[in-house]
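Down below is the structure, laid out as structure tokens.
The values are calculated or read from the model by the stated rules, or taken from the named source; none is laboratory data. Since the model is a prediction, treat every value here as computed from it, not as a measurement. As a convention, Cβ positions derive from the backbone with ideal geometry for all residues, glycine included, and neighbour counts pool all protein chains shown.
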Amino acid sequence: MPEFELKTISGNTITKEELTGKVVVIDVWATWCVNCMNEINELNTLVEEYKEDQSIVFLAISDENLETVNRFLSKSAFLFEHAVNGSELSKVLQTRAVKTYPQHIILDPKMRIAYEHSGELSSPLATLSAEIDRIITNE
């Protein structure tokens, strides 16, 4: 992973240095993406499943602006930490020639991409839980 600095909608700054040593589950999404919306309930369940484990971070990155994302979040819960205007990092994270939403990436504690999937997952909870557990077990 390259160095990065993201501002969250809650006003925090997230850097690669702060996340090193943690498992980072990233969802690159958009408010207009139907496939992204289809996954949110299971992604929220995933956050709840691991909420006691401080070594796991859930980060949603959108290329959209703060107002657009806040408007969506005021109507629908999405429990990940949110960073907006994340186009620079989402371009770096892009693993295909054409960006596909949603994109799921899990970084291991050494900030290496341990899992990547572009497009809607048929079972986000089961798939991402299995990948998180695999990373934790291998570390």
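Tabulated data for the structure shown
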read-out	value
Filter pass, residue 23 being touching a Leu at 6+ places or on another chain (Cβ under 9 Å) and farther than 13 Å from residue 101 by Cα	yes
Residue check, residue 24 farther than 19 Å from residue 69 by Cα, in a strand (DSSP E or B) and out of contact with any Cys (no Cβ under 6 Å at 6 or more places or on another chain)	yes
Residue match in the stretch 61-82 (condition: surrounded by 16 or more Cβ atoms within 10 Å (Cβ to Cβ), touching a Lys or Arg at 6+ places or on another chain (Cβ under 6 Å) and either within 18 Å of residue 117 (Cβ to Cβ) or modelled with pLDDT of 95 or more (or both))	no
Subset of the stretch 6-21 [over 18 Å from residue 109 (Cβ atoms), outside any loop (DSSP other than H, G, I, E, B) and in contact (Cβ under 8 Å) with a residue 12 or more places away in the chain]	6, 7, 8
Residue tally, condition modelled with pLDDT under 95 and either charged (D, E, K, R) or outside any loop (DSSP other than H, G, I, E, B) (or both), over the stretch 120-135	1
Flag if residue 3 is more than 15 Å from the chain's Cα centre (by Cα), over 21 Å from residue 131 (Cα atoms) and assigned to a helix (DSSP H, G or I)	no
The lone exception for residue 42 - which of (1) closer than 18 Å to residue 107 by Cβ; (2) modelled with pLDDT of 95 or more it fails	(1)
Residue pairs meeting the criteria (Cβ under 6 Å; at least 6 apart or on separate chains; first without any contact (Cβ under 8 Å) to a residue 24 or more places away in the chain, in the stretch 109-133; second loosely packed, with under 12 Cβ neighbours inside 10 Å)	118/96
Selection within the stretch 12-31 - among the small types (Gly, Ala, Ser) and surrounded by 23 or more Cβ atoms within 10 Å (Cβ to Cβ)	none
Single match in 68, 45, 20, 31 (criterion: polar (S, T, N, Q), at negative phi and in contact with a Phe, Trp or Tyr (Cβ under 6 Å, 6 or more places away or on another chain))	31
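Residues are listed down the side, and each one gets a yes or a no for (1) hydroxyl-bearing (Ser, Thr, Tyr); (2) surrounded by 19 or more Cβ atoms within 10 Å (Cβ to Cβ); (3) farther than 23 Å from residue 34 by Cβ:
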site	(1), (2), (3)
100	yes, no, no
105	no, yes, no
113	no, no, yes
120	no, no, no
125	no, no, no
137	yes, no, yes
